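The values are calculated or read from the model by the stated rules, or taken from the named source; none is laboratory data. Since the structure is predicted, the reported quantities are computational estimates derived from the model, not experimental observations. Virtual Cβ from ideal backbone geometry, glycine too; neighbours counted across all protein chains shown.
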Amino acid sequence: MARHTRILGMLLLGAVLLLTSACSALFTLGEEKTQTEQEKKENEALEKKPLVLKPYAEEVGAKLKEPEYEEFAANALFTVSGSAKEYERFRSPYAMIEVRAMEEGIGGRKFIYYAPLTKGAFAQNVRLFNGKGEYRVTVRLPSTNRDDYYYDIADFKVINVNPTLTRDIELTSAGKKAELAIETPASGFVKSSESFQLKGSLKLQQGSQPYVMVKLEKDSDSWKNLVPVKNGTFTADIPLYYGKGVHELTVLVPKPGKDNYYEDAAILRIDNTSEKVSKPIEFSKMYQERGLQLDYPKAGGDEANLKYRIAGSLDPNAKDAAKTTHLIVQTKKGADKATYFVLITDYKFDDEFWLRFGPDKYEVTVNVPEIQYENRDYYKFFQAAAFEVNNTVIEDKRDLLPSRGIQSDAPEIKQLAEQLTAGKQTERDKALAIYEYVAKNIIYDVPKYQNDEFHYDDSALKTLSEKKGVCQDYVFLGVALFRSLGMESRFVEGYARGRHAWIETKVDGKWLTMDPTWGAGYIQDGKFVPKYDPQYFDPKPEVFNRTHSRKGVGY
């Protein structure tokens, strides 16, 4: 019985199944094959044994026109051509040509071509991809009764006399059916440093998911990600995460008729010349569902000097894209967490967030907000991406830098703080001036409290503009004013007849407590009655603690 081979590689990723490995040539059949003196000399020394075909060749009426011999020499490139009379019975439209290098090299060990069968005839230029040395080549034709099965019809040895390493882009049968074309890089083996650009096109079948998957591997390390396909094209900057050496990249295309299934479509090898090792960004299902595209960072593990950039875009056609006005970035160092909002304008974002808790590693998550349709005093969000950043700044500036809702670096805040404290000689006098301003100028927003009308853009700037708010808004503005002057200040969370917030500010090296909300007035018959009360500036702890219970600090 004829020996047969089925090429079927499976990889499971959540609900994603990857199937079928195969390949195709980058160059054209008409490419010139230059014969060298060394090639002639090698061939003259070899015994010219005619190539004998396998039994399956006789079964399907197959013949090989090229090559003629069981062993021959070539200058990097040769042709395999032939035909089969029983081609109408084949369950695949391709002949398979598998090339195996006898020794492992940076070009790899194996390469497979799928040569189109046209009325039973096929012809394929074959490139010896791993430089000088011996190769075994097996030619196979499709089964007549089983899909994705191929049977050997010939096996021969080729001696490559050319030391140059040149590898084609290895297209699979699935890649050919999808009409996948890789525009960049131009060959299947390239050198690059830290990252490289991938560009291509394909024909998506109706109902297929608008993505290709990329899988990057080096030794035991592996990373996968989905790349959007728009108008039949895709582009992506692929980080070479795993340091110096050859990374193998597989491009996978959606399997027709199956959701969340992808098939191997193209294989490339990239030789990274950089020693830098970085950490992959982790993407969740929400990253694709909400159409998020991170342009920066491309990898985790970067070093940062106190703050870090984040940039990218949203797919306008993705779920809730038009209603997604911001992203939520959270940083975590040990038990310390901080939250920042990144605004989205015209489906694009480019902003920075702070690393406020001193030096070392931070875990960063990029989150998309829940699109809510009811008022409530909290907001939900969902993780889309996660990565690490290393802060190199030694100082812990958690109570000095801007944070969510506390825009202490805004010009309006800085100008107001300087006006309020002009001529004040002591930190205590400055603190009192800010307390008085916030308590006397902000009206308590009773309807907002009663209706749970809390919004992501509640902040110091919003409070300053609208001159009204609830306890958190009083605190946002007060803390922002203090921090703009370089005075440490923090948002204290606790309870006082319900959930409440107030301020702690460092004055002359000691933390001073103030509650500008309670110092602003009181509610009577459902309405706010302004009445400035100085007793909530630096109150005696035993008095303050009768009505206020401290929970912790909100960052």
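Scan segment 440-457 for residues that are in contact with a strand residue (DSSP E or B) (Cβ under 8 Å, 6 or more places away or on another chain), touching a residue at least 40 places away in the same chain (Cβ under 8 Å) and not charged (D, E, K, R) and jot them down.
ILE442, ILE443, TYR444, VAL446, PHE454, TYR456
So which residues in segment 280-336 are polar (S, T, N, Q), in a strand (DSSP E or B) and free of Cβ contacts under 8 Å to residues at least 60 places away in the same chain?
Listed by number, the residues that qualify are SER313, GLN330, THR331.
Can you confirm whether GLN425 is surrounded by 14 or more Cβ atoms within 10 Å (Cβ to Cβ) and within 24 Å of GLY519 (Cβ to Cβ)?
The answer is no for GLN425.
Would you pick out the residues in segment 510-541 that are assigned to a strand (DSSP E or B) and either exposed (fewer than 13 other Cβ atoms within 10 Å of the Cβ) or not aromatic (Phe, Trp, Tyr) (or both)?
The answer is LYS510, LEU512, THR513, MET514, GLY521, TYR522, ILE523, GLN524, LYS527, VAL529, PRO530.
For segment 455-507, how many residues meet the condition of being of a type in the set (Asp, Glu) and either in the same structural domain as TYR340 (by TED's automatic domain parsing) or in a strand (DSSP E or B) (or both)?
2
Consider only pairs whose beta carbons are under 6 Å apart and that are at least six residues apart or on different chains; among these, list those whose first residue lies in segment 126-153 and is part of a strand (DSSP E or B) and whose second residue is crowded, with 16+ Cβ neighbours inside 10 Å and among the acidic types (Asp, Glu).
Taking only residues 6 or more apart or on different chains, the pairs are ARG127/ASP168; THR138/GLU98; THR138/ASP152; THR138/ASP155; ARG140/ASP152.
Of everything in segment 174-195, what is over 25 Å from ASN231 (Cβ atoms) and hydroxyl-bearing (Ser, Thr, Tyr)? Give them in sequence order.
SER187, SER192, SER193
Report yes if some residue within segment 337-347 is part of a loop (DSSP other than H, G, I, E, B) and surrounded by 14 or more Cβ atoms within 10 Å (Cβ to Cβ); otherwise report no.
Yes.
Out of all the residues in segment 396-405, is one or more touching a helix residue (DSSP H, G or I) at 6+ places or on another chain (Cβ under 6 Å) and farther than 24 Å from GLN535 by Cβ?
Yes, there is a match, as at least one residue in segment 396-405 is touching a helix residue (DSSP H, G or I) at 6+ places or on another chain (Cβ under 6 Å) and farther than 24 Å from GLN535 by Cβ.
Please go through segment 27-57 and pick out each residue that is at pLDDT 95 or above and surrounded by fewer than 12 Cβ atoms within 10 Å (Cβ to Cβ).
Within segment 27-57, PRO50, VAL52 meet the criteria.
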